[in-house]
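The values are calculated or read from the model by the stated rules, or taken from the named source; none is laboratory data. As the structure is a prediction and not an experimental result, all values here were calculated from the model. Please note: Cβ atoms are built from the backbone with ideal geometry, for glycine as well, and neighbour counts cover all protein chains shown.
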Amino acid sequence: MSRKKKLVILSGALLLSFCLILLTKLPALGLDRPEFCGQCHVMDEQVGTFLHSAHSLGANCGDCHIPHSLVSGAMYKAYTGTKDVISVLADKDPYEIRISPIGRNIVQDNCLRCHGDLLQTVGDTSEDGGRYCFDCHRSTPHQK
């Protein structure tokens, strides 16, 4: 096979992979919803507490935990989902749900995105070494 043909095949495979990753942000698939996230037993507590919170009335898991832009959101979702599946399949027991430093920033950005009108005078509480919104609002929407 010629080098040019290999390059075309590789480019096509990469494009297809990228398109499949972008599909993870398609709302009709429901991949941001607690019904999907709760399919894994390690998420029982997180989904349960979310479903009993005020956030469940107008938000879903992805609204807080995934970047809202199409490309970065899809890439982050594909990365974290793959990482979580590998950890569960590797039988990392007890599997502990912990937010990463990147995830902390994503959740903070999403707090500001949804509640920006309430925070106009306060601004981003995490700036200059400050606290993240969820440092004080730890039980919103999860109990831990």
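Points worth noting:
- When residues of region 34-52 are limited to those that are part of a loop (DSSP other than H, G, I, E, B) and in contact with a helix residue (DSSP H, G or I) (Cβ under 7 Å, 6 or more places away or on another chain), the one nearest to Pro141 (Cα to Cα): Gly38
- Flag if His68 is over 19 Å from Arg98 (Cα atoms), in contact (Cβ under 8 Å) with a residue 60 or more places away in the chain and not acidic (Asp, Glu): no
- Scan of region 53-71 for residues that are hydrophobic (A, V, I, L, M, F, W, C), assigned to a loop (DSSP other than H, G, I, E, B) and buried (at least 20 other Cβ atoms within 10 Å of the Cβ), ordered by number: Ile66
- Hits in region 22-52 - residues which are crowded, with 17+ Cβ neighbours inside 10 Å and among the aliphatic types (A, V, I, L, M): Leu31, Met43, Val47
- Tabulated pairs, region 75-90, first modelled with pLDDT of 85 or more, second surrounded by 11 or more Cβ atoms within 10 Å (Cβ to Cβ) and of a type in the set (S, T, N, Q), C-beta under 6 angstrom, 6+ apart or interchain: Lys77/Thr24; Ala78/Thr24
- When region 14-35 is limited to residues that are in contact (Cβ under 8 Å) with a residue 24 or more places away in the chain and within 22 Å of Cys114 (Cβ to Cβ), the one that is nearest to the chain's Cα centre (by Cα) turns out to be Asp32.
- Residue match in region 135-143 (condition: surrounded by 14 or more Cβ atoms within 10 Å (Cβ to Cβ) and more than 21 Å from His52 (Cα to Cα)): no
- Residue, nearest to the chain's Cα centre (by Cα), within region 72-97, restricted to residues that are of a type in the set (Asp, Glu) and surrounded by fewer than 11 Cβ atoms within 10 Å (Cβ to Cβ): Glu96
- Residues of region 98-131 classified as modelled with pLDDT under 90, within 12 Å of the chain's Cα centre (by Cα) and exposed (fewer than 13 other Cβ atoms within 10 Å of the Cβ), total: 1
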